[in-house]
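Participant: Would you mind keeping the following structure in view while I ask a few things?
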């Protein structure tokens, strides 16, 4: 099967979040199953500056964007599993989507160009995809373009589309005066079309037009049908409910493998956890200094985006009470400035018990997964989450809120049966988070039980093998649906 994975980011070339991990890993595992996938990315400045294996194909495309035709060049990597569309006026920038001050003002033009550019690229390369797998709002115009501007184009008569919603909160909203940029007609700017409270909604275009819709966990696929999680699109999704599926993301077990992880000072596996103990000691000493209590003080780790979605509000309220239990908290990440400021205030107040690093440090991230006793994800909502999956792999026991993919991947610990892989709390409140942490501290004092839960975590399999097969089944459904309409 020929598959185009259309995405605004993908490892190993460019990443701001979990979407990049998903796109890169899915391509890799589809190839292992004998399929013919390729990832298509904008050729961002960061890729040009850092990638050594990218070459110009010598081919170019001319893409209508409003009243203009914008030229893009096609690049590829060594094995052609990644293709790149180069357009310096749109992508030769320091950031992908915007600056800390806000989104780029021309994002409508940038991702109209990218979405339609992918369609034109397929034609230029004579690559007839069976499936175009779109991801998030940045590529959500593709299904609508195929059903409108390219409706009579025989090149795509056997091409179906699947759209994955990684986070419904990001929709690609633009003022109506920019509709001309899309080259779509005003007949589509209606409540039944791509109009959304007076604006153009790119994600809605994909939700209405793709043959199959997916989210990144079964629970999230049900949550977004409700008003409180639907971000205004729950009604559209309820209409498409029969075409909506939840597929748990995997993680790449070649990359996330504590027995081979080159970022770790000591390696370990399920059968020999000595290296994990040593990683824990190094994490503690590096961040908090030597202490005679080093084995008696729980370490709570957190790695990720510092945002409202990730539960920072309740965490900030809870931190003073958490630290009253003589624990250590390690936080690594970046996000909204208001959370940076409040965390820095707490860091100044609780130095020696709270460690904070604003930004990202790959080596430290891996050490936190390997050396922390508990891994914290108190998310307000969580489409899937990758942090808890990595934590399981490395033996750091997750403490999570009962939402989205966290509900699907973490089983609450039962102290009687000793079953479970973490601590789950339901209410989005600081007191509920604190109650879950208290339960985890009780477990920490019982070393045999603690070891049992660590082993429970490390036994769980969230590799990409199962998820890739599920995507292939959904690609077949999309093709059946597409061909039944011809």
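Participant: Among 135, 158, 167, 183, which is on the phi > 0 side of the Ramachandran plot and assigned by TED's automatic domain parsing to the domain that holds residue 22?
Facilitator: Working: 135 fails: on the phi > 0 side of the Ramachandran plot; 158 fails: on the phi > 0 side of the Ramachandran plot; 167 fails: on the phi > 0 side of the Ramachandran plot.
Result: 183 is the single residue among 135, 158, 167, 183 that is on the phi > 0 side of the Ramachandran plot and assigned by TED's automatic domain parsing to the domain that holds residue 22.
Participant: Continuing with the same structure: Report yes if some residue within region 240-250 is touching a residue at least 12 places away in the same chain (Cβ under 8 Å), in the same structural domain as residue 140 (by TED's automatic domain parsing), out of contact with any helix residue (DSSP H, G or I) (no Cβ under 7 Å at 6 or more places or on another chain) and surrounded by 16 or more Cβ atoms within 10 Å (Cβ to Cβ); otherwise report no.
Facilitator: There is at least one residue in region 240-250 that is touching a residue at least 12 places away in the same chain (Cβ under 8 Å), in the same structural domain as residue 140 (by TED's automatic domain parsing), out of contact with any helix residue (DSSP H, G or I) (no Cβ under 7 Å at 6 or more places or on another chain) and surrounded by 16 or more Cβ atoms within 10 Å (Cβ to Cβ).
Participant: Among the residues of region 306-351, count how many are free of Cβ contacts under 8 Å to residues at least 12 places away in the same chain and either in contact with a strand residue (DSSP E or B) (Cβ under 7 Å, 6 or more places away or on another chain) or not in a helix (DSSP H, G or I) (or both).
Facilitator: Of the residues in region 306-351, 3 are free of Cβ contacts under 8 Å to residues at least 12 places away in the same chain and either in contact with a strand residue (DSSP E or B) (Cβ under 7 Å, 6 or more places away or on another chain) or not in a helix (DSSP H, G or I) (or both).
Participant: Residue check: is residue 189 closer than 28 Å to residue 370 by Cβ and in contact with a strand residue (DSSP E or B) (Cβ under 6 Å, 6 or more places away or on another chain)?
Facilitator: On the way: closer than 28 Å to residue 370 by Cβ: no; in contact with a strand residue (DSSP E or B) (Cβ under 6 Å, 6 or more places away or on another chain): yes.
Criteria not met by residue 189.
Participant: Would you say residue 57 is more than 22 Å from the chain's Cα centre (by Cα), assigned by TED's automatic domain parsing to the domain that holds residue 162 and at pLDDT 95 or above? Steps first, please.
Facilitator: On the way: more than 22 Å from the chain's Cα centre (by Cα): yes; assigned by TED's automatic domain parsing to the domain that holds residue 162: yes; at pLDDT 95 or above: yes.
It is true that residue 57 is more than 22 Å from the chain's Cα centre (by Cα), assigned by TED's automatic domain parsing to the domain that holds residue 162 and at pLDDT 95 or above.
Participant: Only one of (1) surrounded by fewer than 22 Cβ atoms within 10 Å (Cβ to Cβ); (2) assigned to a helix (DSSP H, G or I) fails for residue 170. Which number is that?
Facilitator: With respect to (1) surrounded by fewer than 22 Cβ atoms within 10 Å (Cβ to Cβ); (2) assigned to a helix (DSSP H, G or I), residue 170 is out only on (2).
Participant: Would you mention how many residues in region 282-305 are closer than 20 Å to residue 166 by Cα and part of a loop (DSSP other than H, G, I, E, B)?
Facilitator: Going residue by residue through region 282-305, those that are closer than 20 Å to residue 166 by Cα are 303-305.
Narrowing further to those that are part of a loop (DSSP other than H, G, I, E, B): 304-305.
So the answer is 2.
Participant: So which residues in region 192-218 are more than 15 Å from residue 171 (Cβ to Cβ) and surrounded by fewer than 21 Cβ atoms within 10 Å (Cβ to Cβ), if there are any at all?
Facilitator: 192, 218
Participant: Please pick out the residue among 74, 119 that is part of a helix (DSSP H, G or I) and either within 21 Å of residue 9 (Cβ to Cβ) or more than 21 Å from the chain's Cα centre (by Cα) (or both).
Facilitator: Working: 74 fails: part of a helix (DSSP H, G or I).
After applying the criteria, what remains is 119.
Participant: Which condition breaks for residue 25 when tested against (1) out of contact with any helix residue (DSSP H, G or I) (no Cβ under 9 Å at 6 or more places or on another chain); (2) surrounded by 23 or more Cβ atoms within 10 Å (Cβ to Cβ)?
Facilitator: (1)
Participant: On the basis of being in contact with a strand residue (DSSP E or B) (Cβ under 9 Å, 6 or more places away or on another chain) and assigned to a loop (DSSP other than H, G, I, E, B), does residue 179 make the cut? Walk me through how you get there before you give the answer.
Facilitator: Values: in contact with a strand residue (DSSP E or B) (Cβ under 9 Å, 6 or more places away or on another chain): yes; assigned to a loop (DSSP other than H, G, I, E, B): no.
Considered against the rule, which asks whether it is in contact with a strand residue (DSSP E or B) (Cβ under 9 Å, 6 or more places away or on another chain) and assigned to a loop (DSSP other than H, G, I, E, B), residue 179 comes out as no.
The values are calculated or read from the model by the stated rules, or taken from the named source; none is laboratory data. Keep in mind that this is a model prediction, so the values were computed, not measured. Note that each Cβ is placed from the backbone with ideal geometry, even for glycine, and that neighbours are counted across all protein chains shown.
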